[in-house]
Amino acid sequence: MAAASTSAHVTERNFSELQRRKRNKIPSTVLLLQMCRQNKEVKQLHGQLILNGLIHRSPNAARLVESYVGVSETDDALLVFKSSIQSPDTFAYNVMIRGLILSKQPMESLFLYEQLLAKGLLPDSHTYTFVLKACCHLKAVLEGKQVHAQIIKNGVEPNTHICSSLISMYSYAGSMESAKQVLEEFAEDHSGVCPFNSMITGYMNEGLVEEAIKIFDKMKHKDTATWSTMLSGYVKNGLHQDALITFQKMMSYNVPLNESSLVCTLSACGELGALDQGRWIHKYILNKRDIVISVNVDTALVDMYAKCGCIEFSYQLFEKMPQRDVVTWGVIISSFATHGQASKCFQLFDEMIESGVEPNGIVFVAILSACSHAGLVEKGCHYFDQMVHQFGIRPSIEHFGCMVDLLGRAGRLAEAEQLILSMPEEPNSIILGALFNACRIHNDVERGRPLFQRLINLEPSPDRYKLAASLFANNGEDYEIRKLLKDKNLETRCGLSNIQVDGVDHEFMVSDIANNRAEDVYETLGA
């Protein structure tokens, strides 16, 4: 790429800045680096720096590292950092540490930070912010405390970003009291919003919703991120109705919407079956020119319509999407799996591979689930083998659960049991529960008895006792199970379905006749 082709993308303002810096003797190649948006552009300017003999002149190599990080080429950035910067300064370290964090290599970024300290360089506020983020990702509270101590020792006044990172680091590691203390010390002299947002996120992640609400209610100033944090927290904790109420308040206060707030609200609509609310949000997005419909928002719409029962319309939206990532494919495949259309799942999986998108573990959970519900054992075994050997995905508990369920439903209990024994980790209650349910379906009392004992040791829920009573009924043992259930004062739970009609939530239980709309429902279903 010639310099002229890159500068064609430069705005008039950037061009003026370029001219000003040229007069200050900064090489044009280095200035153009900051305007690159593609890896091939950075590589071509990298070549020019080498040819012109400018690569080893400070701070040219550091700027090159920054550009590689900007186009998500961390390996190239690290190569330049190690080979072309003889004595990296704090700026160079900051750029590389940030790049490693963005590429999900937090441990390597901590090693680089230790190297910075070993060379006697003084970290700045950017260094501390990046390193604390690495500690946050790793939940490394001990290392985070050491960084916190260095900040105090070096007399660095914590700014908004450092405080937010400290709060996130402590809260993600479960040290909520330490996070609270940081916030209280910050709030004495500052009024920035970000640390409060981080505290709300921390409380929500720990399931401390009431504490998060207290912080939110006390805040005098709230930005879009604050509201989005509350929405995300409500959805994460299954409080979908609270999420919709919060969204409505957000709209009434004319708070600008961002991607996160839209995605979270659409997720809440899908979980509640609130189709009318979801449709309204969809129309609002289409009518607002200032809202960019990203891949994430489009995916959330596809998911919402599918969960509200509109699978065909969901698929139409999916087909119209200009861009799709692996999450989008996972959502549509999962949707058809939930609706019992296994053949459509297989078709979509093949289309995804043909489009160049590589499946992840979530996609394979959806495919294996579809195989299980359709009773396609050989197909399921094929996809499981393909996942491991062709795509190199390590099976998770969810994958093993699908396979155990698939084999169990087909009556291949010995194979299901052998698969559990081959697992690299101890099976959880979901895995054992799937096999136990298969024992119940196929009346395998001998295999089911030891499974029942393991299950109630792991998760002594009343539903386990109810299933056990069903299994052991033919053997005359159900009386003892029901007596245990009564003695332990355990109540079995009924399955619930939820749907929202005209803004009103309706819950239905299995064989429900108490709901005031039950008669209409059964009449519609022809029951």
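Observations
- 1.4 Å probe accessible area per residue over the range 31-175, in Å²: 50 Å²
- The range 43-85: relative contact order as a whole-number percent, Cα under 8 Å and 6+ apart: 36 percent
- The range 218-354: relative contact order in percent, alpha carbon pairs under 8 Å with at least 6 residues between: 17 percent
- Pairwise label distance in nanometres, residue 43 with residue 159, each label 7 Å out on the Cα-Cβ vector: 3.6 nm
- Note on residue 89/residue 386: beta-carbon distance plugged into 1/(1 + (r/R0)^6) with R0 of 51 Å gives a FRET efficiency of 0.55.
- Residues of the range 135-174 with an amide N closer than 16 Å to a point placed 7 Å from the Cα of residue 125 along the Cα-to-Cβ direction: 151-152, 154-167.
- Taking packing as the residue-averaged number of other Cβ atoms within 10 angstrom, the listed peptides 284-290, 59-65 run from highest to lowest as 59-65, 284-290.
- Rounded to the nearest 20, the size of the Cβ-charge dipole of the range 191-231 about its Cα centre is 180 debye, with Lys and Arg at +1 and Asp and Glu at -1.
- In this simple spin-label model, placing a label point 7 Å from the Cα along the Cα-to-Cβ direction at both residue 280 and residue 52 gives a separation of 5.8 nm.
- Per atom type, the range 194-306 shows carbon and sulfur on 50% of its accessible surface, probed at 1.4 Å.
- When each of the peptides 108-117, 355-364 is scored by the mean number of other C-beta atoms lying within 10 Å of its residues, the order from highest to lowest reads 108-117, 355-364.
- Using a Förster distance of 45 Å, the FRET efficiency for residue 378-residue 294 (Cβ separation, nearest 0.05): 0.70
- Cα gyration tensor, the range 62-146 - rounded (a/c under 1.5), prolate or oblate: oblate
- Gap separating the Cα centres of the range 299-323 and the range 162-218, nearest whole Å: 36 Å
- Look at the Cα gyration tensor of the range 191-253: its axes a ≥ b ≥ c give a/c of at least 1.5 with a/b at or below b/c, and that counts as oblate.
- Solvent-accessible area, 1.4 Å probe, carbon plus sulfur percent, for the range 33-83: 48 percent
The values are calculated or read from the model by the stated rules, or taken from the named source; none is laboratory data. These figures come from a predicted structure and were not determined experimentally. FYI the Cβ positions are ideal-geometry reconstructions off the backbone, even for glycines, and counts take in every protein chain you see. Heavy atoms of the whole protein, side chains included, go into the accessibility calculation; ligands, DNA and RNA do not. Shrake-Rupley method; radii C 1.70, N 1.55, O 1.52, S 1.80 Å.
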